[in-house]
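Engineer: Below is one structure. I have some questions about it.
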Amino acid sequence: MRPLRPIELKFKEMPWHVSRGVARLFDPTALAFNNKLLANGYEAGSLVCVLPAHKLIYVAVPKAASTRIRRTLAKIEGRFMRTFKPSRWKNHRGPYGVRNMPVGSFFRLTTDSETFKFSFVRNPYARFVSCWADKFAGKPLVPGDVFVDAYLAIRRDIASALPAGPESQLSFPDFVAFATATAKARHDMHLQAQDTILSPPGIEFDLIGKVETFDVDFRRVLDHLRIGDNIRRDAEVPLNESHHDDWPIYYTDELADRVYRAYECDFDRFGYARAIKAY
């Protein structure tokens, strides 16, 4: 079914493609807003999630409970998959993305004062360990995995000593060297600073919750949506958790300092302590 995937994606983006031509003539403000949001590496096409009927916009931060939140919003939307793959027909689809709705509709939703706009962030130290454990730990450093491929493509530009080959794996210290060198280059949204993800032009947030206080903070989202107890209980269950030990044990003072310097904007903006001992 994979050869049909590009056709499936184009089909789902038809409202967006058609509306761009119309907006160019009749709604240039909406088109300019859309173009600006999708430019400059904000990954809006994959990170901005929309529930138009509920007047809600969620900007996903990878490795910050994003799978759990997306799954909950998909259940609330209540629509099922439109896909060429039969095994996915019973799965919920959604929420909408920027490229799944008309340009003008998205602009009006985003600028509506009643639209609730939110995201979630995570302690940068913990997010860093989670990303390494999920995307690199235990994998041989050979082509064939999208994250390993991205690493292999640029590792020599960072440090010739970084490992590669079927007998090698990326240790956490080596991951720190690789990831901190690319943090500001928008090389991978999983490694991108949360501050830069949550600075999209034209979107002002009503809530930036924290994974560490997820149940309390996400309650504000569910209250806006007026959601019943069943979905509230489902939203409490973590999904796609990375398997690793408690994150502080992975850090030496030197590694913590490198991560802090690369992601200082996240510590400052979202109020996380620099010292590992604080946790």
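Engineer: Determine the pairs where a residue that is part of a helix (DSSP H, G or I), located within the stretch 23-52, has a partner that is among the hydroxyl-bearing types (S, T, Y) with Cβ atoms under 7 Å apart, the partner being 6 or more residues away or on another chain.
Structural biologist: P52/Y96; P52/S105
Engineer: Let me ask something else. Given the criteria in contact with a Lys or Arg (Cβ under 9 Å, 6 or more places away or on another chain) and surrounded by fewer than 16 Cβ atoms within 10 Å (Cβ to Cβ), does E167 qualify?
Structural biologist: Working: in contact with a Lys or Arg (Cβ under 9 Å, 6 or more places away or on another chain): no; surrounded by fewer than 16 Cβ atoms within 10 Å (Cβ to Cβ): yes.
For E167, the condition - in contact with a Lys or Arg (Cβ under 9 Å, 6 or more places away or on another chain) and surrounded by fewer than 16 Cβ atoms within 10 Å (Cβ to Cβ) - is not met.
Engineer: Filter the stretch 9-65 down to residues that are among the aromatic types (F, W, Y) and either surrounded by fewer than 17 Cβ atoms within 10 Å (Cβ to Cβ) or on the phi > 0 side of the Ramachandran plot (or both) and give me whichever is modelled with the lowest pLDDT. First the steps, then the outcome.
Structural biologist: From the stretch 9-65, those among the aromatic types (F, W, Y) are 11, 16, 26, 33, 42, 58; that's our starting set.
Within this subset, residues satisfying the condition of being either surrounded by fewer than 17 Cβ atoms within 10 Å (Cβ to Cβ) or on the phi > 0 side of the Ramachandran plot (or both) are 11, 26.
Numbers: F11: 73, F26: 91.
Out of the qualifying residues, it is F11.
Engineer: For the structure I just gave you, tell me whether D174 is of a type in the set (D, E), in a helix (DSSP H, G or I) and at pLDDT below 95.
Structural biologist: no
Engineer: Mind telling me which of the residues A185, A262, A256, A181 ends up being assigned by TED's automatic domain parsing to the domain that holds D149, touching a helix residue (DSSP H, G or I) at 6+ places or on another chain (Cβ under 6 Å) and modelled with pLDDT under 95? I'd like the intermediate steps shown before the answer.
Structural biologist: On the way: A185 fails: touching a helix residue (DSSP H, G or I) at 6+ places or on another chain (Cβ under 6 Å); A262 fails: modelled with pLDDT under 95; A256 fails: modelled with pLDDT under 95.
From the options A185, A262, A256, A181, the qualifying one is A181.
Engineer: So A185 fits all but one of (1) under 16 Å from D266 (Cα atoms); (2) touching a residue at least 12 places away in the same chain (Cβ under 8 Å); (3) surrounded by fewer than 16 Cβ atoms within 10 Å (Cβ to Cβ); what number is the exception?
Structural biologist: (2)
Engineer: Given the conditions (1) at pLDDT 95 or above; (2) under 25 Å from F136 (Cα atoms); (3) among the aromatic types (F, W, Y), which single one is not true for W247?
Structural biologist: Answer for W247: the failing condition is (1).
Engineer: Among the residues of the stretch 130-157, which ones are assigned to a helix (DSSP H, G or I) and crowded, with 16+ Cβ neighbours inside 10 Å?
Structural biologist: Here is the first cut: in the stretch 130-157, the ones assigned to a helix (DSSP H, G or I) are 130-135, 146-157.
S130, C131, W132, A133, D134, K135, F147, V148, A150, Y151, L152, R155 - these are the residues of the stretch 130-157 that are assigned to a helix (DSSP H, G or I) and crowded, with 16+ Cβ neighbours inside 10 Å.
The values are calculated or read from the model by the stated rules, or taken from the named source; none is laboratory data. Note that the structure is predicted; figures quoted are calculated from it, not measured. Using ideal geometry, Cβ is built from the backbone for each residue, glycine included, and neighbour counts are taken over all protein chains shown.
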